[in-house]
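Before any comments, here is the structure.
The values are calculated or read from the model by the stated rules, or taken from the named source; none is laboratory data. This structure is a prediction, so every number in the text was calculated from the model and none was measured. Note: ideal-geometry Cβ built from the backbone for every residue, glycine included; neighbour counts use all protein chains shown. Each accessible area value is taken on the protein alone, full model and side chains, heavy atoms only, with ligands, DNA and RNA left out. Shrake-Rupley method; radii C 1.70, N 1.55, O 1.52, S 1.80 Å.
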Amino acid sequence: MLTRLRLAAAALAVAFAGMLAVAPASAQGVRIDITKGYMKPLPIAIPELFGASPQESQVGQDIAKVVAADLERSGLFKPIDQRAFIQTAAALQTGPRFPDWKQINAEALVSGKAEIGVDGRMRVEFRLWDVFNEQQMAGQLFTATPQGWRRIAHLIADAIYKRVTGEDGYFDTQIVYISETGPKNDRRKRLAIMDQDGENHRFLSSGADLVLTPRFSPTARELTYMSYYKGTPRVYIYQVDTGRRELLGDFPGMTFAPRFSPDGNKVIMSLAQNGNTEIYEMNLLTRQKRRLTNHPAIDTSPSMAPDGGHIVFNSDRGGAPQLYTMDSDGGGVQRISFGDGRYTTPVWSPRGDLIAFTKQKGGEFYIGVMRPDGSDERLLAQGWLVEGPTWAPNGRVLAFWKETPSSERGTGGGSKLYTIDLTGVNERQVLTPLDGSDPAWSPLIP
């Protein structure tokens, strides 16, 4: 079970060499404009955080390693090999010698310190420096138990990402997904959860019952998912921190793709009854459900806009699966996808500006995005079978799963999780102990 950390963060009041406040970067300082598409990653130096004792030194090394890995994986930063560093972590405590960092072509520099107090709590501070302008750009202090060092590293990476790009980070998050084992005709599927980098992995279900389509609540501490209990599809709410499972409802027929509304008060889903699949919402307080669509076609995979005003879903009412939007009360249905191929699994970006989807065309699968009005369609990832996009909370990165044919690379096939950013060039595998499918990315952890 995830240890709930009490983390405190504050701008550092104590500054080096008489500097009493965080100095802003100048207009010519370190900055990445991620709206411009792919660009050369920013060279950044991330030494180990200084620690006076062996335990503190080890924590400092571990934190620096995770921060560097987070930033490198984003594709926007290029951590410089620590073997090139001239100034030591200890010497950095009195301030950077900027010529030393300019000599190795670092444009940004991280310094910091890890301390463990007599009460056993850990105190970690970091500073971000603009090497070219010789200015401090950011500084924060975090406190936690020593077991919380990895989360502190993710929070530091988030702070650096935001200061340099102007966008919120996404590293202090989790991914829930379906872990799969066994032959294709008899797969054992279990709920699993991990940090976004694949660490702190654990299983949430035993595999005795088939589980599908896990999704996070807006608080990141609840999940909704579908499970077959003795052959009957049921929708459950799962408390991440306590492991408590609550039955949302026993629905006649088949239930698909439950998903929370942005305010967390409702779950929207599709129900198949008497040969007809429609979209419903259920109020979590009253447990009353309301039908939102009314059409003889298959309407499924609903996802609500972050403002709660609209829903995107896919339907074959036009003859093949396409994407449609409607008002949150079911009115104003409009088709938004008109390209060649079949469009499925739409999900609204947390920013509200894009809708991600799966597209099938000519025997190939794609992960793509488009505007809510259907314009500016872009395909980001392609494969024999790629499916199920889910957004990072900053709306700049997607996770999805990819299946490999059994004949490819002599691997015997299997499904793996991947991430890709909106440029479509920074695709990375997320390592999992077993095969994985149907990921869902959490909001930032509170």
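With respect to residue 20, determine if the residue is touching a helix residue (DSSP H, G or I) at 6+ places or on another chain (Cβ under 8 Å), modelled with pLDDT under 95 and either in a loop (DSSP other than H, G, I, E, B) or not assigned by TED's automatic domain parsing to the domain that holds residue 419 (or both). Let's see the steps before the verdict.
Values: touching a helix residue (DSSP H, G or I) at 6+ places or on another chain (Cβ under 8 Å): no; modelled with pLDDT under 95: yes; either in a loop (DSSP other than H, G, I, E, B) or not assigned by TED's automatic domain parsing to the domain that holds residue 419 (or both): yes.
For residue 20, the condition - touching a helix residue (DSSP H, G or I) at 6+ places or on another chain (Cβ under 8 Å), modelled with pLDDT under 95 and either in a loop (DSSP other than H, G, I, E, B) or not assigned by TED's automatic domain parsing to the domain that holds residue 419 (or both) - is not met.
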Next on the checklist: Can you say whether residue 393 is of a type outside the set (Lys, Arg) and at pLDDT 95 or above, as far as the supplied structure shows?
Outcome noted: yes
Checklist entry - Can you tell me which residues in the range 197-223 are aliphatic (A, V, I, L, M), surrounded by fewer than 19 Cβ atoms within 10 Å (Cβ to Cβ) and not in a loop (DSSP other than H, G, I, E, B)? => result 210, 212
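If the requirement is being modelled with pLDDT of 95 or more and of a type in the set (S, T, N, Q), which of these qualifies: 337, 406? Break it down stepwise before answering.
Numbers: 406 fails: modelled with pLDDT of 95 or more.
None of the others qualify; the one that does is 337.
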Item to check | Filter result for the condition that a residue is surrounded by fewer than 14 Cβ atoms within 10 Å (Cβ to Cβ), of a type outside the set (A, V, I, L, M) and at pLDDT below 95, over 319, 332 | outcome: 319
Item to check | Criterion: over 31 Å from the mean Cα position of the chain (by Cα) and hydroxyl-bearing (Ser, Thr, Tyr) - qualifying residue of 94, 143 | outcome: 94
Next on the checklist: So, in the range 266-311, exactly how many residues are in contact with a Ser or Thr (Cβ under 9 Å, 6 or more places away or on another chain), closer than 19 Å to residue 234 by Cα and β-branched (Val, Ile, Thr)?
Outcome noted: 5
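Which strands (runs of 3 or more DSSP E) sit wholly inside the range 246-313 and have at least 2 residues that are within 24 Å of residue 439 (Cβ to Cβ)? Working first, answer last.
Details: elements: 254-260, 266-273, 276-283, 289-291, 299-304.
It comes to 254-260, 266-273, 276-283, 299-304.
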Checklist entry - Pick from 62, 70: which is at pLDDT 95 or above, open to solvent by 20 Å² or more (accessible area, probe 1.4 Å) and under 24 Å from residue 199 (Cα atoms)? => result 62
Item to check | the range 157-183, residues that are touching a residue at least 60 places away in the same chain (Cβ under 8 Å) and out of contact with any Leu (no Cβ under 9 Å at 6 or more places or on another chain) | outcome: 166, 167
Item to check | Selected residue (criterion: surrounded by the most Cβ atoms within 10 Å (Cβ to Cβ)) from residues of the range 33-45 that are within 16 Å of residue 75 (Cβ to Cβ) and modelled with pLDDT of 75 or more | outcome: 44
